[in-house]
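Only the coordinates and a few stated rules stand behind these numbers; no lab work does. Predicted model, so just to flag it, every value in this text is computed and none were measured. Because the Cβ atoms are built from the backbone with ideal geometry, glycine has one as well, and the counts that use them run over all protein chains shown.
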Amino acid sequence: MVVAIRGCKNDSDKWVSVINPERLEDSKVCGPKREDRLHLWISQQGDRRPTIQTKKGVMWIQDDDYRVVGEWDWKGPKLELARVHGSQTDFRLDISADGEITLTKL
């Protein structure tokens with residue numbers, strides 16, 4: 001299964017950083033109160049998960065059995081951000097005013 005994040009909509013008043021340890025050139029800093037381009041593949045690699053830092057904290061995300069899950073500050077519990085149906089699914093990363101993270105299917 002292939003899951004891609006294509007874009008970041010940041011509704012907060014703080015900068016958001018997205019770090020992709022598998023491919024550092026895909027990392028991005030998204031400005032406050034705007035939409036930015038972002039290209040990020042989500043995989044099942046447990047030790048090389050992308051991380052997103054918002055004003056709420058740091059969340060890592062990964063593909064987990066047809067779901068995209070995340071965990072704040074590596075403390076649990078895992079949160080389901082999206083269910084994935086089909087072989088390829090694209091999402092936009094949405095950051096709320098208070099720093100919460102959601103995914104919107106494109």
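Run the numbers for residue 78 and residue 105: contour at 0.36 nm per residue of separation, minus the present Cα-Cα distance, in nm. Don't skip to the end; give the middle numbers.
Details: separation 27, 0.36 × 27 = 9.72 nm, distance 1.98 nm.
Gain in length upon complete extension: 7.7 nm.
Using the Cα centre as the reference, give the magnitude of the dipole from point charges on the C-beta atoms of region 32-104 (Lys, Arg: +1; Asp, Glu: -1; all else neutral), rounded to the nearest 20 debye.
On the way: 12 positive and 13 negative charges, 40 e Å.
Result for region 32-104 is approximately 200 debye, rounded to the nearest 20.
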Give me the Debye-computed log₁₀ of I(q)/I(0) at q = 0.14, 0.17, 0.22 Å⁻¹ for the chain, equal point scatterers on Cα only, no solvent, two decimals. -0.46, -0.70, -1.23
